[in-house]
There are 2 protein chains.
Amino acid sequence: MKIAILGTGGGARAHIAKLAELGHEVHVGTRNPKATLARTEPDMVGTPPFGPWLAEHPGVELHSFGHAAARGELIVSGIDGHNAVSALSAIAGQLAGKTLIDYAVPYLYNPDIEHPWPTPWGVMPTLDPCDSDSLAEQIQRALPDTKVVKAFVTQEQTTVVNPGAIGGGDHTMFIAGEHADAKQQALDLLKAYGWSDVLDLGPLVAARGMEMYAHMHSAIGFALGFGTHFGIKVVR
Amino acid sequence: MKIAILGTGGGARAHIAKLAELGHEVHVGTRNPKATLARTEPDMVGTPPFGPWLAEHPGVELHSFGHAAARGELIVSGIDGHNAVSALSAIAGQLAGKTLIDYAVPYLYNPDIEHPWPTPWGVMPTLDPCDSDSLAEQIQRALPDTKVVKAFVTQEQTTVVNPGAIGGGDHTMFIAGEHADAKQQALDLLKAYGWSDVLDLGPLVAARGMEMYAHMHSAIGFALGFGTHFGIKVVR
């Protein structure tokens, strides 16, 4: 299958590598491919530059967001919450009629915080939108001809593509969205990743809770020790 | 031990009954004991009136918030988020030097919503505070001489007092607070309730995530079917 991954950070790379390994044709989208390939230093969160990483993954192609989206039959977006709606609206035509899985946490961009992710009990990041809206709902409203699914957001992406690494895979993945066929596509992808317990939380309004869980996820991560990966199991 | 339970709703009753069963001396606090005992109809969320319930639990005493707090060595508050800070501030003297476990979700009081709890995909409740503050932090700031612990808030209270009812008890309870000795008291109480997996999320700022998890909790509950009780296990 032709799958477009929008984003080149650590989370996107986990999906790119796994999807290529599964035999999919992966098209990676970035805002400015030349600028992405020109970078030689790690980014603000320590992710190594994309060019050398791409060179180690033959067959994966880098494009602009629009060109990648045009080539993908299924779209996976990790574009950060601060930029996602504008970046995706600009390529609405290339996304029309397709399923888009959004996994971003909409951290509020705050120029006073050097590091956009939570640091152990320093300045806490906040979310925008939060509580009465969600990034996934915003994207769906901006792209009425695209079928938006919120998924993956409650885990590290390295764990999303390899659930068996934690507790033998006995933990729970959540999905939400307005379109049953799109959720089925997300479910099929998750099964290919190795997930056995996927809980459909219903319509996209459930994305509010999935995104707001970011605070709890960070707190659990700090409690277990920085860098510890973990999962959440819904025990019935 | 003398334990004060502030609140008379369904969650409070779960704690009252269990603590009495465990042999504690339970003092229940309510805003206006006469008014509480005078009610003969179920409340807005269908909880039967407190008087008949109290009559079936001999030895449990009903007081004003202040009188209950004065008698308790340990305080458990389920006072709703809309009223908690003002009600607790009014009895700061009776709470000074003691541990207070707060388990309320700070749902925003909205007169347009007849039912203050989430209904399956109708009008969604929102939280106040949310994201950049938490009810537990507000209570701690209002009561600097009290040791506030956030706990119990990620579960139904009937499950908090009986964790073994779900998955043989193999799920996770979370606590947070600034005071190690107060968290130890909460931990001891949870062990008496039957908990084996209690994760200390650190300082009280973690209460933000614990309270914001309310949306996710509701969504999971709707997905599993109204009335289904469940737990969350952190899978390492």
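So what's the protein assembly as shown giving for Rg/Rh, alpha carbon basis, Kirkwood Rh from the mean inverse pair distance?
Numbers: Rg = 24.0 Å, Rh = 23.6 Å.
Using Cα coordinates only, the ratio equals 1.02.
Taking all pairs of different Cα atoms in segment A:166-233, averaging 1/r and flipping that mean, what Kirkwood radius in angstroms comes out? Don't jump to the answer; show the numbers that get you there.
Details: mean 1/r = 0.0758 Å⁻¹.
This gives a value of 13.2 Å.
Quick one: check the C-alpha center-to-center distance for segment B:151-192 versus segment A:173-196, whole angstrom.
32
I need the inter-copy label distances for A:VAL45: point set 7 Å along Cα to C-beta, values in nm with one decimal, smallest first.
3.5
Which aspartates and glutamates, if any, have their Cα less than 12 Å from the Cα of A:LYS2, not counting same-chain residues under 8 positions apart?
Candidates past the 8-residue exclusion: A:GLU25, A:GLU61, A:GLU73.
When DSSP assigns beta bridges and you keep just the ones with both residues in chain B, what percent turn out antiparallel, to the nearest 5? List each step's numbers first, then the result.
Details: 4 of 28 bridges.
Beta bridges within chain B, antiparallel portion: roughly 15 percent.
Based on the alpha-carbon gyration tensor of segment A:1-140, what equivalent-ellipsoid semi-axes (square roots of 5 times the eigenvalues) come out, in whole Å, largest first?
Numbers: eigenvalues 122, 80, 32 Å².
They are 25, 20, 13 Å, listed from largest to smallest.
Could you calculate the contour length gain from B:ALA38 to B:LEU108, that is, 0.36 nm times the residue separation minus the distance between their Cα atoms, to one decimal place in nm?
Working: separation 70, 0.36 × 70 = 25.20 nm, distance 2.73 nm.
Full extension of this stretch gives 22.5 nm more.
Using helices alone, what [θ] at 222 nm do you get for chain B, with -39,500 (n - 2.57) per DSSP H run of 4 or more residues, divided over all residues and rounded to the nearest 500? Intermediate values should be presented prior to the final figure.
Working: 10 runs with 85 residues, N = 236.
The helix-only estimate for chain B comes to -10000 deg cm²/dmol at 222 nm.
Which three extents, in whole angstrom, do the alpha-carbon atoms of chain A cover along their principal axes, largest first?
41, 41, 36
Summing Lys, Arg as +1 and Asp, Glu as -1, what charge do residues with Cβ under 15 Å from the Cβ of B:VAL148 carry, B:VAL148 excluded?
On the way: positive: B:LYS98, B:ARG141, B:LYS147, B:LYS150, B:LYS183, B:ARG208; negative: B:ASP102, B:ASP133, B:GLU137, B:ASP145, B:GLU178, B:ASP181, B:ASP200, B:GLU211.
After counting each charged neighbour, the total is -2.
Under the convention of a label 7 Å out along Cα→Cβ, give the distances in nm from B:GLY167 to the same position in every other copy, shortest first.
Copy-to-copy label distances for B:GLY167: 0.5 nm.
Relative to the other copies, what are the label-point distances for B:ALA192, with labels 7 Å from Cα along the C-beta vector, expressed in nm at one decimal and sorted shortest first?
Ordered by increasing distance: 5.4 nm.
Pairs to check: B:LYS34/B:LYS150; A:LYS98/A:LYS191; A:LYS98/B:LYS233; B:LYS183/B:LYS233. Give those whose C-alpha atoms are more than 25 Å from each other in this structure.
B:LYS34/B:LYS150; A:LYS98/B:LYS233
None of the figures in this text is laboratory data; all of them are computed from the coordinates on show. Computed from a predicted structure; not experimentally measured. Reconstructed Cβ throughout: ideal geometry from the backbone, glycine too, with neighbour counts over all protein chains shown.
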